[in-house]
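One structure is given below, encoded as structure tokens.
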Amino acid sequence: MPAAVIPPSRDHVRDTVPAGRLPAVVLMAGSCLPVLGAVLLAPVLPRMQDHFGGVPGSAALVPVVLTVPALALALLAPFAGMIVDRLGRKRLLVAATVLYALFGTAPLWLDSLHAILISRVLVGVAEAAIMTACTTLIGDYYSGELRDRYLALQTMCASASATVFFVLGGVLGAADWRAPFWLYAVGLLIAPVMARVLPTPLPSKRGTESQVPLPRRPFPVRRMAGVCLLTVFGAVVFYTVPVEMAYLLDDLGTDSTGTVGLVTAVASAATVLGSVLFTRLSPDRRHRLPALLLLCAAGFLLMGLADSLPLLIAGAVVNCVGTGLLLPSLVTRAMSLLEFADRGRGMGLWTAAFFFGEFLCPLVLLAGKEPAGSLASAVAFLGVAAAVLAAVLFTAARRPVPAGSPDGVRQQ
């Protein structure tokens, strides 16, 4: 009996490949828009708190203005993924980018704190569609190592833009707490460019033109569930340094805003470096995730044991290089499991997992702070948890992989 021949994956065939680099640039710009909502308003929250000081519950509601888009994004991204698969990636991306600009600039004219909160929830809805569609389109347009490089570039651009948006928010906020909301209008500039330069993706015709059609794989529920659970934990790891660094510095007696900004910029640069290094990793991915989690864990342990500013910065740099490598490893792992018809739904689930982890990050460390005795100790315990998870994944990676399975083709 002759050996069965496993045909090449559809993933290596693209019927719609965008010409030039402009479509990739547009997708990178779109991927930065959700980051805008996460950091832009942080510098103006105290002034916003003063403005709405007379509103009952404002002490809790004003900080939620910053975080609620991420929560809405996490809850709605799976639904955005299903809509992406049904209505089309490009159409939804352009419409969501226009709505992002309209909802994002609404606080410029709203006088009610509760109305502003509603507008921020709607921003999160638009962000869910934008992030899911951008990541899905990268998977549609490109394949193999080129796709991996663009997914790593997506992480790099998001990390770099976070620092830029934080600075812009502070500069504009010096004039008025409403001024940073004007930056959301950039969506009205990007949307027409998206409509013009992004081709409408089509599924591969390989299966229809061949004499023996390729069977469609069922949606990989178990594997995607595993990747999404890892991504929730990975997002907690990813956001620990940017969210908690100011508090760690304060515990060491450093409360200068200039020092906080400089250290945050150094950590962001380390994340960008990690994303660049990802594009130069060897194709052997079998033990990649365990190794990267160990790198992140080493950074957390250094930060947790730090009794001086240089040691804390060194730990943050080690950790952020690890997270810059970890995030694209997770998203390429998820992408490798998906076919065209399911890619929107799958990336919607992945996006939801990542932003849910972002939302959980401060809550996890807050919950661990009291039993650990300090925030630094809680960070160290998070490092121990990352190391334990790395050991579990390393053990699992040593098991034989069935021939022809997705894991046998693309190991992470």
Residue count, segment 304-335, condition over 17 Å from the mean Cα position of the chain (by Cα) and either polar (S, T, N, Q) or closer than 19 Å to Arg149 by Cβ (or both), comes to 1
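Does Leu360 qualify as being part of a helix (DSSP H, G or I), crowded, with 21+ Cβ neighbours inside 10 Å and touching a residue at least 24 places away in the same chain (Cβ under 8 Å)? Give the derivation first.
Numbers: part of a helix (DSSP H, G or I): yes; crowded, with 21+ Cβ neighbours inside 10 Å: no; touching a residue at least 24 places away in the same chain (Cβ under 8 Å): yes.
Criteria not met by Leu360.
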If a residue has to be over 26 Å from the mean Cα position of the chain (by Cα) and free of Cβ contacts under 8 Å to residues at least 24 places away in the same chain to count, how many in segment 43-82 make the cut?
-> 8
Report yes if some residue within segment 370-391 is among the aromatic types (Phe, Trp, Tyr), assigned by TED's automatic domain parsing to the domain that holds Gly274 and closer than 19 Å to Val35 by Cα; otherwise report no.
-> no
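For segment 150-185, what are the residues that are out of contact with any helix residue (DSSP H, G or I) (no Cβ under 7 Å at 6 or more places or on another chain) and aliphatic (A, V, I, L, M)?
Applying the first criterion (out of contact with any helix residue (DSSP H, G or I) (no Cβ under 7 Å at 6 or more places or on another chain)) to segment 150-185 yields 164, 167, 171, 174-176.
Selection gives Val164, Val167, Val171, Ala174, Ala175.
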Helices (runs of 4 or more DSSP H) completely within segment 42-109 that count 3 or more residues being among the charged types (D, E, K, R) | 89-105
Considering only segment 129-153, how many residues are surrounded by fewer than 24 Cβ atoms within 10 Å (Cβ to Cβ), at negative phi and either small (Gly, Ala, Ser) or not assigned by TED's automatic domain parsing to the domain that holds Ala80 (or both)?
-> 1
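The values are calculated or read from the model by the stated rules, or taken from the named source; none is laboratory data. Computed from a predicted model, the values in this text were never measured in an experiment. FYI the Cβ positions are ideal-geometry reconstructions off the backbone, even for glycines, and counts take in every protein chain you see.
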